Amino acid sequence: MAVSAPSRGAGDATPFRSRRRMLSALSAGHLVMIVAGLLGMLLTLALLRSADRRVEVAVAAHDVRAGTVVNEHDVRYERVKMDGDLLTTVLRPDEVAHLDGAIATESIRAGELIARTDVRSAATPSKLRAVSIPIEPARAVNGDLVPGDRVDVMLAAEHEVAIIIANAEVLEVSDPGDRGALGEVDAQFTVTLAVDAAEAQLLAAAITDGDILIARTTGAESAEGTPPMPIDFVESGGN
């Protein structure tokens, strides 16, 4: 009687399918655990960042002497905890980016916080001096001046008329239309000019004397070097 060999029929596939299900279930479980772990880590980081209320403030990267120009290379940043009132007194990164050649008003040691009062804009863009002249509009082209204009300042002295400052840049002009509560026509307004040291002295003397005029010269040829004109020559009509 012949003995038949064991058949590898459908019954043998059951353990194989079971193992595949276990592996699939194991892989899915691990994937869920990994995703859950990543989400937990991201959530933890988000919570830590929200709890960290420190902000970046400017500190001196090295010793800065009073009177020197301060720029971005002189500054580094530290993260600190600081309340709103105190925070308004120190420089922040966006403010440092707009220093634009500001001058240190106080000496600042390396690592010290830089207060807003520690720096100040230069008096003029060209390292000149800013000097203001109080003057009646009628003596300054009726107040028709704006920042950026060029002007000559003339002094009418006892014996001569002279252009004491030629082609000075106008930095600022107060409102010539604001002439007091009663609208006095002789009320003064103020013109601020960029001048050098010698011109500042001349202006101070001219303002003290009080008999000055301003001519708007924007676009005109410079009058620098024009000699004074004697009063008697003016009175004679140039003859």
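Is it the case that some residue within the range 133-148 is assigned to a strand (DSSP E or B), at pLDDT 80 or above, among the acidic types (Asp, Glu) and within 30 Å of Thr218 (Cα to Cα)? No, the range 133-148 contains no residue that is assigned to a strand (DSSP E or B), at pLDDT 80 or above, among the acidic types (Asp, Glu) and within 30 Å of Thr218 (Cα to Cα). Taking Val151, is it touching an Asp or Glu at 6+ places or on another chain (Cβ under 9 Å), farther than 20 Å from Ala220 by Cβ and either at pLDDT 85 or above or in the same structural domain as Ile214 (by TED's automatic domain parsing) (or both)? For Val151, the condition - touching an Asp or Glu at 6+ places or on another chain (Cβ under 9 Å), farther than 20 Å from Ala220 by Cβ and either at pLDDT 85 or above or in the same structural domain as Ile214 (by TED's automatic domain parsing) (or both) - is not met. Scanning the range 101-160 for residues that are β-branched (Val, Ile, Thr) and free of Cβ contacts under 8 Å to residues at least 40 places away in the same chain yields Ile103, Thr105, Thr117, Val146. Candidates in the range 67-93 are the residues that are in a loop (DSSP other than H, G, I, E, B) and more than 18 Å from Ser121 (Cβ to Cβ); of these, the one that is modelled with the lowest pLDDT is Asp83.
Please work out if Val80 is of a type outside the set (Ser, Thr, Tyr), within 17 Å of the chain's Cα centre (by Cα) and farther than 20 Å from Leu193 by Cβ. Answer is no for this residue. Of the residues Val96, Val90, the single one that is closer than 16 Å to Arg53 by Cβ, buried (at least 16 other Cβ atoms within 10 Å of the Cβ) and touching a strand residue (DSSP E or B) at 6+ places or on another chain (Cβ under 6 Å) is Val90. When Pro230 is tested against (1) at pLDDT below 85; (2) exposed (fewer than 12 other Cβ atoms within 10 Å of the Cβ), exactly one condition is not met: (2). On inspection, Asp100 does not qualify as of a type in the set (D, E, K, R) and either modelled with pLDDT of 90 or more or in contact with a Gly (Cβ under 7 Å, 6 or more places away or on another chain) (or both). If only residues of the range 202-225 that are surrounded by fewer than 14 Cβ atoms within 10 Å (Cβ to Cβ) and of a type in the set (S, T, N, Q) are counted, the one that is nearest to Asp149 (Cα to Cα) is Thr218. Residues of the range 129-169 being farther than 14 Å from Leu203 by Cα and hydrophobic (A, V, I, L, M, F, W, C), which ones? Hits for the range 129-169 are Ala138, Ala140, Val141, Leu145, Val146, Val161.
The values are calculated or read from the model by the stated rules, or taken from the named source; none is laboratory data. None of the values given here were measured: they were computed from a predicted structure. Quick reminder, even Gly has a Cβ in these numbers, built from the backbone with ideal geometry, and neighbours come from all protein chains shown.
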